[in-house]
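S.K.: Okay, handing you the structure first.
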Amino acid sequence: MAQGLETAPRVPTDLASRLLIDNEWVSPKGGDSFDTYNPATGEVIASVAAASADDVDRAVRAARRALETGPWGSMDAAERGKLMYDLADLIERDAEALAQLESLNCGKTIRDARGDLNGVIYTLRYYAGWADKIEGRTVPVRGNFLSYTLRQPIGVVGQIIPWNFPLLMLAWKWGPALACGNTIVLKPAEQTPLTALKLGELAIEAGFPAGVINILNGMGETTGDAIVRHPDVDKIAFTGHVDTAKIIQKNAADTLKRVTTELGGKSPNVIFADADLDEAVAGAFHAIYFHGGQCCTAGSRLFVERSIRDEFVERLAERAKVRKIGDPLDPDTEQGPQVSQEQMDKILGYVESGQKQGARVVSGGKRIGGSGFYVEPTIFDDAREDMDIVRDEIFGPVVTVLPFNDVDEVVERANRTHYGLAAGVWTKDIDKAHLYAKKVKAGTVWVNCYHVVEPTTPFGGFKMSGQGRENGEAALEHYTELKTVTVKLHG
Ligand code: NAI
Ligand code: MG
């Protein structure tokens, strides 16, 4: 057992073999299942029920009933908000157990998992507060009419989420969906199916009516696809790979569903020579290596002003060498394993391709140990911008250092990508900071900080990093239909 924990995390094997449909824990119709792993050891920790297209249909019908004829559709907004606050309280009660299970199944450090839980609770509370504040407007029109708008739920929403922040991505999806009065069919990622089921249990305990929240595990190409194609699902919210989003948008087009996507990135993090170098080194390190680089916002293209490049690279490498990598459940661990063999192999493949194409590994570059999916924090230098390691999202602990000479040059190079999710800049010069913030094509810009993501601030991508925004008031737009009502006034 890991140091610092009194008991081993409890794996909910009972729940894992079930689907949550209409507040019942049911067996899947086809009887399919898949294994889920502990990425720290590569061992199977549970067999998980996979939902078939029939199960998806059952869940969608339950979600539709909950909306049209159940108590949810006619519930006061304030009461909806209260249910969400109650759910947040129950998550807070169970936060430590949930963090441990998240750490076990995802490989994220227990420290990060606790941080995620804190974010989950705040996100649900933030959106609980919105439930009774979603308002329409009265609108001036010509003639003797009264026109006003109503914001109404879109309906049944399919939510397909990834494995890097399993519970946090769930909260980002559930928060606005529930605040706006929608019903949910959620498909967690096949790598991390367990903690969502625990949240299903808590949603029932909180008192959410049957059919409001349905949880179906399974593969993307089967379960996910059936949700995307189902004619009675009104909207898809997806987080994951760009290529998956393209497939989803095409398949959702047949029924013209609303689709919002939050995809990857190849985020530029720019260090000017006038930055506080201690802060910038620590910040650039955190920007790429947080959660082993498995973040859509990872600062993977590190632009460093030429005059400080050598010192900067040296200081990054010093940090990389002393990083505590190991058992994610040990509270001292700073970096756990990558989530899966597949992800580890993808990362190591990129390291090899970078070297073949002529870039130089300054530090790291190898797998650690023979069991578990651990990868060394890796720094590339002497890279060209046409190399795969600079163009593609690696989604691992691999950063490429790119020297630059001035602001205009670095802005142009920072924008030389199909992505546009996030960007960082480190400088004491407010002109440079704001010029960069204005010109860089990214949904989020961090000045002298990185990875600061709050439920209150809109989050999403320019260009191929996605469509729509999550978090903040902005997300409400994507979970409501806007209706205009016009009344003839007599007299
Ligand atoms: P993915 O995009 O395949 O998976 C994300 C979710 O989509 C999972 O729940 C999956 O089951 C589902 N899915 C897959 N194919 C589907 C389909 N045809 N229809 C409906 N749902 C489908 O991502 P994957 O394979 O886990 O990771 C591959 C790469 O994607 C990573 O290496 C990384 O580059 C990127 N990624 C980006 C994330 C982000 O936060 N933006 C999160 C996870 C992965
Ligand atoms: Mg995939």
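The values are calculated or read from the model by the stated rules, or taken from the named source; none is laboratory data. In this text, all values refer to a predicted model and were calculated from it rather than measured experimentally. Positions of Cβ are generated from backbone atoms using ideal geometry, with glycine treated the same way; all protein chains shown enter the neighbour counts. These accessible areas exclude ligands, DNA and RNA; they are computed on the full protein's heavy atoms, side chains included. Shrake-Rupley method; radii C 1.70, N 1.55, O 1.52, S 1.80 Å.
S.K.: Accessible area per residue of the stretch 384-461 at 1.4 Å probe, in Å²?
M.R.: On the way: 3340 Å² over 78 residues.
Dividing the accessible area of the stretch 384-461 by its residue count gives 43 Å².
S.K.: Any chance you could give the angle, 0 to 90 degrees and rounded to 10, that helix 95-106 forms with the longest Cα principal axis of the chain?
M.R.: That helix lies at roughly 60 degrees to the long axis.
S.K.: Have a look at the DSSP beta bridges in the stretch 348-424 and tell me what percent are antiparallel, nearest 5. Write down the numbers at each step before the final one.
M.R.: Working: 5 of 8 bridges.
Around 60 percent of the beta bridges assigned by DSSP in the stretch 348-424 are antiparallel ones.
S.K.: Here's another thing I want to ask about it. Given a 1.4 Å probe, how much area per residue of the stretch 102-217 is accessible, in Å²?
M.R.: Per-residue accessible area for the stretch 102-217 comes out at 29 Å².
S.K.: Rule-of-thumb check for the stretch 297-346: C-alpha Rg over 2.2 N^0.38 Å?
M.R.: Details: Rg = 14.5 Å, N = 50, 2.2 N^0.38 = 9.7 Å.
Cα Rg divided by the expected 2.2 N^0.38 Å: 1.49.
S.K.: Over the Cα atoms of the stretch 180-281, what is the Rg over Rh ratio if Rh follows Kirkwood?
M.R.: Ratio of gyration radius to Kirkwood radius for the stretch 180-281: 1.15.
S.K.: Still on this structure, I have one more. Would you work out the charge dipole size for the stretch 313-439 about its Cα centre, treating the Cβ of every Lys and Arg as +1 and the Cβ of every Asp and Glu as -1, and quote it to the nearest 20 debye? Please report the intermediate quantities before stating the final value.
M.R.: Details: 18 positive and 23 negative charges, 18 e Å.
That gives the stretch 313-439 a dipole magnitude of about 80 debye.
S.K.: Oh, and also: Could you work out the local net charge near Pro328, counting Lys and Arg as +1, Asp and Glu as -1, over the other residues with Cβ closer than 15 Å to its Cβ? Intermediate values should be presented prior to the final figure.
M.R.: On the way: positive: Lys108, Arg111, Arg114, Arg323, Lys324; negative: Glu43, Glu96, Glu102, Asp112, Asp116, Asp327, Asp330, Asp332, Glu334.
Local charge sum for Pro328: -4.
S.K.: If you average the C-alpha positions of the stretch 461-489 and of the stretch 73-123 separately, how far apart do those two centres end up, in angstrom?
M.R.: A separation of 25 Å, based on Cα centres.
S.K.: Right, next: Count neighbours as other Cβ atoms within 10 Å of each site's Cβ, and list the GluC sites (Glu not before Pro) in the stretch 431-491 that are DSSP loop with at most 14 such neighbours. List each step's numbers first, then the result.
M.R.: Numbers: sites: Glu470, Glu473, Glu477, Glu481; in loops: Glu473.
Here the sparse-neighbourhood loop sites are Glu473.
S.K.: Skip the ligands, DNA and RNA, and give the accessible area per residue of the stretch 280-381 with a 1.4 Å probe, whole Å².
M.R.: For the stretch 280-381, the solvent-accessible area averages 39 Å² per residue.
S.K.: Net charge near Glu454: determine it from the other residues with C-beta under 15 Å of the C-beta of Glu454, scoring Lys and Arg +1 and Asp and Glu -1.
M.R.: -1
S.K.: Report, as a whole number in µm² per second, the diffusion coefficient that Stokes-Einstein gives for the stretch 335-491 at 20 °C and 1.002 mPa s using the Kirkwood radius over alpha carbon pairs. Don't skip to the end; give the middle numbers.
M.R.: Values: Rh = 18.6 Å.
It comes out at roughly 115 µm²/s.
S.K.: On to the next question. What is the sum of charges around Ala414, taking Lys and Arg as +1, Asp and Glu as -1, for the other residues whose C-beta is under 12 Å from the C-beta of Ala414? Walk me through the intermediate numbers first.
M.R.: Values: positive: Lys266, Arg301, Arg413, Arg416, Lys439, Lys441; negative: Glu385, Asp408, Glu409, Glu412.
Surrounding charge for Ala414 is +2.
S.K.: Shifting gears a bit: Give me the percent relative contact order of the chain, please, defined on Cα pairs under 8 angstrom at least 6 residues apart.
M.R.: Values: 1132 pairs, mean separation 88.6, N = 491.
For the chain, the relative contact order is 18 percent.
S.K.: Principal axis lengths of the chain from Cα atoms, whole Å, largest first?
M.R.: Result for the chain: principal-axis Cα extents of 75, 60, 40 Å.
S.K.: With n ≥ 4 as the cut-off for DSSP H runs, can you work out [θ] at 222 nm for the chain, using -39500 (n - 2.57) per run divided by the number of residues, rounded to the nearest 500? Provide the component values of the computation, followed by the final result.
M.R.: Numbers: 17 runs with 186 residues, N = 491.
Roughly -11500 deg cm²/dmol at 222 nm, from the helical runs in the chain.
S.K.: Taking every DSSP beta bridge with both residues inside the chain, roughly what % is antiparallel (nearest 5)?
M.R.: 45 percent
S.K.: Between the stretch 405-458 and the stretch 360-395, what's the alpha-carbon centroid distance in Å?
M.R.: The two parts, judged by their Cα centres, are 23 Å apart.
S.K.: Follow-up question, since we're still on this one. Leaving out ligands, DNA and RNA, what percent of the accessible area of the chain is carbon and sulfur, probe 1.4 Å? Before the final figure, lay out the partial values.
M.R.: Working: 9920 of 20010 Å².
Using a 1.4 Å probe with all protein chains present, the chain comes out at 50 percent carbon and sulfur.
S.K.: Return one number: the angle in degrees, 0 to 90 and rounded to the nearest 10, between the long axis of the Cα atoms of helix 194-206 and the longest principal axis of the Cα atoms of the chain.
M.R.: 40 degrees
S.K.: Report, in listed order, any pair from Lys173/Lys346; Lys356/Lys438; Lys82/Lys483; Lys346/Lys439; Lys173/Lys356 with a Cα-Cα distance greater than 30 Å. All intermediate terms of the calculation are to be shown ahead of the outcome.
M.R.: Numbers: Lys173/Lys346 28 Å; Lys356/Lys438 36 Å; Lys82/Lys483 26 Å; Lys346/Lys439 32 Å; Lys173/Lys356 41 Å.
Result: Lys356/Lys438; Lys346/Lys439; Lys173/Lys356 exceed 30 Å.
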